[in-house]
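Below: one structure, written as structure tokens.
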There are 4 protein chains.
Amino acid sequence: MKWKTKITKVEPNHLLTKGYRQEDLIGNIPFSHVVYMLLKNELPTEEYGHMMDAILTACIDHGVTPPTAMASRIVASGGVPLPTAVAAGILSIGDAHGGAIEKGAKFLQDGISRMKKEGKNIDKIAEVLVKEAVSQKKRILGFGHRIHTSDPRTKKLFILADELKVSKEHIALSMAIEKELEKQTGKKLPINVDGAIAAITSDMGFDWRLGKAFFLIGRVAGLTAHVYEEQTEFKPMRQMFTVDVEYIGASEKDLP
Amino acid sequence: MKWKTKITKVEPNHLLTKGYRQEDLIGNIPFSHVVYMLLKNELPTEEYGHMMDAILTACIDHGVTPPTAMASRIVASGGVPLPTAVAAGILSIGDAHGGAIEKGAKFLQDGISRMKKEGKNIDKIAEVLVKEAVSQKKRILGFGHRIHTSDPRTKKLFILADELKVSKEHIALSMAIEKELEKQTGKKLPINVDGAIAAITSDMGFDWRLGKAFFLIGRVAGLTAHVYEEQTEFKPMRQMFTVDVEYIGASEKDLP
Amino acid sequence: MKWKTKITKVEPNHLLTKGYRQEDLIGNIPFSHVVYMLLKNELPTEEYGHMMDAILTACIDHGVTPPTAMASRIVASGGVPLPTAVAAGILSIGDAHGGAIEKGAKFLQDGISRMKKEGKNIDKIAEVLVKEAVSQKKRILGFGHRIHTSDPRTKKLFILADELKVSKEHIALSMAIEKELEKQTGKKLPINVDGAIAAITSDMGFDWRLGKAFFLIGRVAGLTAHVYEEQTEFKPMRQMFTVDVEYIGASEKDLP
Amino acid sequence: MKWKTKITKVEPNHLLTKGYRQEDLIGNIPFSHVVYMLLKNELPTEEYGHMMDAILTACIDHGVTPPTAMASRIVASGGVPLPTAVAAGILSIGDAHGGAIEKGAKFLQDGISRMKKEGKNIDKIAEVLVKEAVSQKKRILGFGHRIHTSDPRTKKLFILADELKVSKEHIALSMAIEKELEKQTGKKLPINVDGAIAAITSDMGFDWRLGKAFFLIGRVAGLTAHVYEEQTEFKPMRQMFTVDVEYIGASEKDLP
């Protein structure tokens, strides 16, 4: 039984990752480009590497309230090592938190495949996809945000995608869906940062199964800062927030 | 009760991290420099940013056998989401795995403080520290490696630290300790990659409490690649390794 | 904004869980019956409590090789606190490890609903379900085991289910499926311990969404013992197993 | 290389845990007694088993606000599997949350050792220990509670410890410390539930390193109920609490 891996070859004084000697990568290839290579097997062009770098930065932090930051800080307040607390935040990355990147990318990638198979154009497939979603009352993930109506991260990522010539049909589909959503529902549901990353990484050729990975790798930096701030600026077990709890369970009773 | 934070300000369509608008950081400041800023409050100089980037890359991966990679892959094989499996690997970063960066940095930082207080020079304090460790049979962390006698990552990091003018007294102390260890014990115990990162980040002015953070933020990229490889190339619950187990507990018996 | 909960009411010197004062539960109601109550809102009858107790014990441990135990021990060997290492094992409980309880219970519960709707009997619905699975090449979860052909835990749980009058239509369906599988495929695929727990908890009226919960709550005891053994009997970062790794990635090359 | 374990022997159709066939344990030995055996190698007497059962129940739940419950519920709200969310809660069990059991037990066990070595009695050693703590401004863990002045769980556990003849010198020392604390500081700092469990498990002969284990094994039941309630009664990513955040970091600025 051999365990085959394509990631890293480890020999005494000799470390190859994706074929490159680690001492060649260190200091010569930007870390964000190495991240790209780890997920895509080859080093990026300058443009694609730049885009990946921007995506990671777009994920670093959104303050203390997202589940990632709250989980990390609460766990840190229990008095545990920094990595344990950072990991707790990562655990909260799921279908409802960061999951729109994964599901959004799958939706766009499936949409483009179907467009080609059915011989449609971008506008037509967008119209069909939105119509189907509306009639089935399904939400298309990656549109709308709880706080931002015009997310500065989204805008910047799309500008870069254009400048760096990354932009292709998945971004186009994403924008066509945004328009169709307004047309068919009357509501403005702008592409959010998850949706933007879904579209851009799809245009870069990434597997949608990696959707949560970009968010995770970028966000881990912010989570580390949160845990460090919690450990150095606050007392353990402090009260972080106000919870107005109402017990609505069984009323007080004796054992049977 | 106000919760005060210095990390990110979140307002509708407006995100400030350490004072900078996120849309300004995205695509303009390399991700690794943003990581530096998150842990050190200010943007690095070009040289310090370059050094931080090299450190993160030096941590990306060491194949399938370290606890980080094994824990992530085993958990992935249980059939869980990617972030859950990546987090499991991060949980294994502890006193014995990555911990030499934290403890090594503390040792060097305490050593330099003491050197100044006692009016010694680098060679003298190194001699004293090693003598104390040897007589107390304590291991100085960050020296020696299970596999590598001349770790290519260590060499490259020190070359960069010189070139980028990062190198100061903590690196000097680290090298003096290496020499003293050979002199006093007769054994070659070269500085390992943990020890190198401990020395370099100490020279960069980082708190030793962040020792595990550099490793964590770099390694999360490799762990993501491992989980993705496990999920896409292997079957769930596969047998990954050979374990030769011997049960040496109580022998078979009836209930009392 | 009120947060409503049915679990525990917390007031100074007064703790109610599911309506009962905690000081009444402590020492008067067996822990396993309290577990039942937490998941099912009411205290069990003596028989149902006894059955729940048996299920938890049936999950305690399966040696060092399952993902749960391996993940916990590997993470422990990184030098982390006991709860961090135990949690790592729990993370591996997923669709492929313990997941057969959840999916198996859903399959049986759906099967019984359909049986009633279609006016069939147990044998008939079993025949149909197996036929469909075989023709669609889908595995019915909860049947067959890597190691055991006649799992002593399964046998004991079913004997107890009979003795305690817990046994109803889901267990009957489970046994009918076992027979049909052999009839239609020619292979013996005995109900495994996951399948037994799926059938029994379904007969007890538990939501299939709790499938992994029984396994988790029982197994946490074994994981704690594993972490304690690792921390007290072994050195950190020890080599636990033999891995025969073959790097099949890109061959060594220079940077472009 | 053999991996030796004393926990479970796994052979086809044959599972021995601590020497007992699992089919003998299942349904015959209460789960809480099996927990005792896993941590202490032998089955308990009826009295010790009863005491262990009471301790586990005393740990089940303390509502939605402790770090354990909050972390589990926040992570659940990210849309992840039940075990992932339960594990997140366990991660928060650290030096400041549940840690008083571990440290309190060590303090009591060290105190009794010292008492014997120095030929003192309980009252005398309590006086000395409290004097030392007061003069060094160190907190003795296991005394005082944020909410309860007379914790119903503590009272019940001590009553049971007496009735079940578990009570010995560690409980006596604990009570003597409570008195001394009031005498020397003028403040009432009643033994809390952590302190009670520390004293009782010490009298039962448990290693203080297992201090967090009792809390963990009991609390996992409550955490499972919290995650299930979150997943079935609430929407993902709901707002759980009010946080009044004030950003006190660097003020808005342009990139350099």
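The values are calculated or read from the model by the stated rules, or taken from the named source; none is laboratory data. Keep in mind it's a predicted model, so treat the numbers as computed, not measured. Reconstructed Cβ throughout: ideal geometry from the backbone, glycine too, with neighbour counts over all protein chains shown. Please note that ligands, DNA and RNA were not included when accessible areas were found on the heavy atoms of the full protein model with its side chains. Shrake-Rupley method; radii C 1.70, N 1.55, O 1.52, S 1.80 Å.
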task: Could you tell me the distance between the Cα centroids of the range B:52-105 and the range C:1-65, to the nearest Å?
output: 36 Å
message: Counting only Cα atoms, I'd like the Rg/Rh figure for the range B:113-256, Kirkwood definition for Rh.
response: 1.16
- line: Between C:E233 and B:Q136, the two model label points (7 Å from Cα along the beta-carbon direction) sit apart by a distance in nm of 3.2 nm
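How many square angstrom of accessible surface are buried between A and B, both sides summed, with a 1.4 Å probe and rounding to 100?
6800 Å²
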task: Taking just the C-alpha trace of the protein assembly as shown, give me its Rg and Dmax in Å.
output: 29.0, 93
message: Cross-link candidates for A:K253: which aspartates and glutamates have Cα within less than 15 Å, leaving aside residues fewer than 8 places away along the same chain?
response: C:E23, C:D24, C:E42
query: If the label point is 7 Å along Cα→Cβ of D:N13, which residues in the range C:162-196 have backbone nitrogen under 17 Å from it?
result: C:188-193
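Take the alpha-carbon positions of the range B:46-203, form their convex hull, and give its projected area averaged over all directions (one quarter of the hull surface) in nm².
Numbers: hull surface 41.7 nm².
That works out to 10.4 nm², a quarter of the Cα hull's surface.
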statement: Projected onto their principal axes, the Cα atoms of the range A:24-66 stretch, largest extent first, over whole-Å spans of 39, 19, 15
- request: Please calculate the 1.4 Å probe accessible area of B:S150, with all protein chains present, and give it to the nearest 10 Å².
  value: 50 Å²
statement: In order over the range A:75-88: 3J(HN,Hα) from phi, Karplus 6.51/-1.76/1.60, θ = phi - 60°, whole Hz, x for each Gly or Pro, gives 5, 4, 5, x, x, 10, x, 3, x, 4, 6, 4, 4, 4
task: Could you tell me the distance between the Cα centroids of the range D:131-151 and the range B:194-256, to the nearest Å?
output: 37 Å
statement: GNM on chain A, Cα springs under 10 Å; top mean-square fluctuation among A:K212, A:K106, A:K124 goes to A:K124
- request: Return the carbon/sulfur percentage of the accessible area of chain D, one whole number, probe 1.4 Å, all protein chains in place.
  value: 50 percent
field: Mean residue ellipticity (222 nm) of chain B, computed from DSSP H runs ≥ 4 via -39,500 (n - 2.57), nearest 500
entry: -17500 deg cm²/dmol
query: Which cross-chain or sequence-distant (5 or more) residues have an amide H under 5 Å from the amide H of C:W3, H modelled 1.01 Å from N in plane?
result: A:D244, A:V245, A:E246
message: For the rotation taking B to D, I'd like to know which residue in chain B has the C-beta closest to the axis, plus that distance in Å.
response: B:T84, 2
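Compute the signed sum of charges (Lys and Arg +1, Asp and Glu -1) over the other residues within less than 11 Å, Cβ to Cβ, of A:K4.
Values: positive: A:K2, A:K6; negative: B:E229, B:E233, C:D244, C:E246.
My count for the surroundings of A:K4 gives -2.
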message: I need the Debye-formula profile for the range B:207-249: one equal scatterer per C-alpha, no solvent, reported as log10 I(q)/I(0) at q = 0.15 1/Å, two decimals.
response: -0.66
- line: Residues other than D:V166 with Cβ under 9 Å of its Cβ, Lys/Arg counted +1 and Asp/Glu -1, net out at -2
Charge tally in the Cβ shell below 9 Å around C:G99, where Lys, Arg are +1 and Asp, Glu are -1, C:G99 excluded: -1
Accessible area (Å², 1.4 Å probe, nearest 10) - A:T17: 0 Å²
- prompt: At A:E163, with labels set 7 Å past Cα in the Cβ direction, how many nm apart are the copies from this one, shortest first?
  reply: 2.7, 7.4, 7.4
field: Antiparallel content of DSSP bridges confined to the protein assembly as shown, in %, to 5
entry: 65 percent
- prompt: If you wrap the range B:64-146's Cα atoms in a convex hull and average its projection over all directions, what's the area in nm²?
  reply: 7.1 nm²
task: May I ask you to derive the FRET efficiency for D:D24 and C:T45 from their Cβ-Cβ distance with R0 = 25 Å, giving the value to the nearest 0.05?
output: 0.55
message: Per residue, how much accessible surface does the range C:1-123 expose to a 1.4 Å probe? Answer in Å², no decimals.
response: 29 Å²
field: Full-extension gain in nm, A:S113 to A:S251, via 0.36 nm per residue minus C-alpha separation
entry: 44.0 nm
- line: With a Förster distance of 45 angstrom and the Cβ-Cβ distance between B:D244 and C:T185, calculated FRET efficiency to the nearest 0.05 equals 0.85
message: How much of the pair distance distribution for the range A:101-176 lies past 18 Å, counting alpha-carbon pairs only, in percent?
response: 47 percent
Relative contact order %, chain D, counting alpha carbon pairs below 8 Å whose residues are six or more apart: 27 percent
